[in-house]
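The structure appears below as structure tokens.
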Amino acid sequence: MKRIINIVLCGLVIVCCTTKANAQVQMSYAMDEPTFMITHKDVSKFQQLDSSRVAITYRYNFRESAADDSLKAEDYMTLLVGRNYVSFFSKNLRELDEKNTESIKTTMSFDTPEQSWQGYDILRSVAQGTITVSNRVPFTDDVCQYTEPVPTIEWTYIPEDTATVMGFHCHAATCEYGGRKWKAYYACNILLPYGPWKFGGLKGTILKVFDTEHNFIFEAEGLTQKPQPIVRYDWKYKQMTKEEWLKFEANMYKNAGAFVKNSGARVIIMDDSDRGFHPLNESWEQYYNPIEK
């Protein structure tokens, strides 16, 4: 596992903050191996849009590298289903943001997210039939946002294919979406046509879904009907189209070293090479395997 060190904090990640002449804060990171890092966001200011009727926690495993057939990269994601809005986000990242927002006020310290935690939030408006995706840009305070119509996914039902997920009897369906083929298991006795990520439109709630090339797996591990707030944070969002975001993201990964340099962050690599501690190579390219091509 990659170790990221943050120079003023205790724990896995230590970040050194310095103030540049233009009053911007420069973050410095020390890592065993280069990787993208999501920065802290203040979550104290927000607008509550709805309350959930059902909250589902999914374990999300995905490919960390081209050779990672075990899908060892992991995050836990939350799906909140309200009457007017549906929200999907990293449970781990949101809980850390909440913890950091408080600890910065009291002890002036914060912890850094794990490398595998997902930096996107998805907010579905039931009335408007739209999905708004907010993506946190690594090593920066930027949040890029685009809105698209709720996708019309054409599912093929497989009545004879069943499975038990979290104690619920589920039926299977398949689809093609985002340049990939997917198989889902949905619970007919949870009559909400939603699921993880952008999935939905089945005759019940999707509790498990994976792509047929074995890159991504979402599987439900917890469900509660205790109401939880569905919120929109008062952040500054950079609005763009979906196409603009996908192009920006692909370039960010392909030219990762140059992107980090241009972000203003300072990254030091602490590997076992003869070079010892050394700056991040500008030619570094981050492994890129997007869930939506």
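For segment 96-108, what are the residues that are open to solvent by 40 Å² or more (accessible area, probe 1.4 Å) and either in contact with a strand residue (DSSP E or B) (Cβ under 9 Å, 6 or more places away or on another chain) or touching a residue at least 12 places away in the same chain (Cβ under 8 Å) (or both)?
98, 99, 104
Considering segment 150-196 alone, what residues qualify as being in contact (Cβ under 8 Å) with a residue 60 or more places away in the chain, open to solvent by 10 Å² or more (accessible area, probe 1.4 Å), within 20 Å of residue 59 (Cβ to Cβ) and not hydrophobic (A, V, I, L, M, F, W, C)?
Once the filter is applied, which keeps residues that are in contact (Cβ under 8 Å) with a residue 60 or more places away in the chain, open to solvent by 10 Å² or more (accessible area, probe 1.4 Å), within 20 Å of residue 59 (Cβ to Cβ) and not hydrophobic (A, V, I, L, M, F, W, C), segment 150-196 yields 180, 194.
Residues to consider are 112, 78, 130; find the one that is β-branched (Val, Ile, Thr) and farther than 30 Å from residue 193 by Cα.
Criteria check complete, one pass: 112.
Could you tell me which of the residues 199, 216, 139 is buried (at least 17 other Cβ atoms within 10 Å of the Cβ), over 30 Å from residue 260 (Cβ atoms) and of a type outside the set (S, T, N, Q)?
199
Scan segment 269-281 for residues that are in contact (Cβ under 8 Å) with a residue 24 or more places away in the chain, out of contact with any helix residue (DSSP H, G or I) (no Cβ under 9 Å at 6 or more places or on another chain) and either of a type in the set (S, T, N, Q) or buried (at least 16 other Cβ atoms within 10 Å of the Cβ) (or both) and jot them down.
269
Considering only residues that are over 19 Å from residue 45 (Cβ atoms) and under 17 Å from the mean Cα position of the chain (by Cα), which ones fall in segment 95-118?
Within segment 95-118, 112, 113, 114, 115, 116, 117, 118 meet the criteria.
Scan segment 243-250 and give yes if some residue there is more than 19 Å from residue 37 (Cα to Cα) and open to solvent by less than 60 Å² (accessible area, probe 1.4 Å), otherwise no.
Within segment 243-250, not a single residue is more than 19 Å from residue 37 (Cα to Cα) and open to solvent by less than 60 Å² (accessible area, probe 1.4 Å).
Give segment 113-129 a look and list any residue that's open to solvent by less than 20 Å² (accessible area, probe 1.4 Å) and either among the hydrophobic types (A, V, I, L, M, F, W, C) or in contact (Cβ under 8 Å) with a residue 60 or more places away in the chain (or both), or say none.
113, 119, 122
Quick check: is even one residue across segment 262-274 closer than 26 Å to residue 76 by Cα and of a type in the set (A, V, I, L, M)?
No, every residue in segment 262-274 fails to be closer than 26 Å to residue 76 by Cα and of a type in the set (A, V, I, L, M).
Residue 36 fails exactly one of the following numbered conditions: (1) touching a strand residue (DSSP E or B) at 6+ places or on another chain (Cβ under 9 Å); (2) open to solvent by less than 40 Å² (accessible area, probe 1.4 Å); (3) outside any strand (DSSP E or B). What is the number of that condition?
Single failed check for residue 36: (1).
The values are calculated or read from the model by the stated rules, or taken from the named source; none is laboratory data. Predicted model, so just to flag it, every value in this text is computed and none were measured. Cβ sites come from the backbone with ideal geometry, for glycine too, and all protein chains shown count toward neighbours. What goes into the accessible areas is simple: the full protein's heavy atoms, side chains included, and nothing from ligands, DNA or RNA. Shrake-Rupley method; radii C 1.70, N 1.55, O 1.52, S 1.80 Å.
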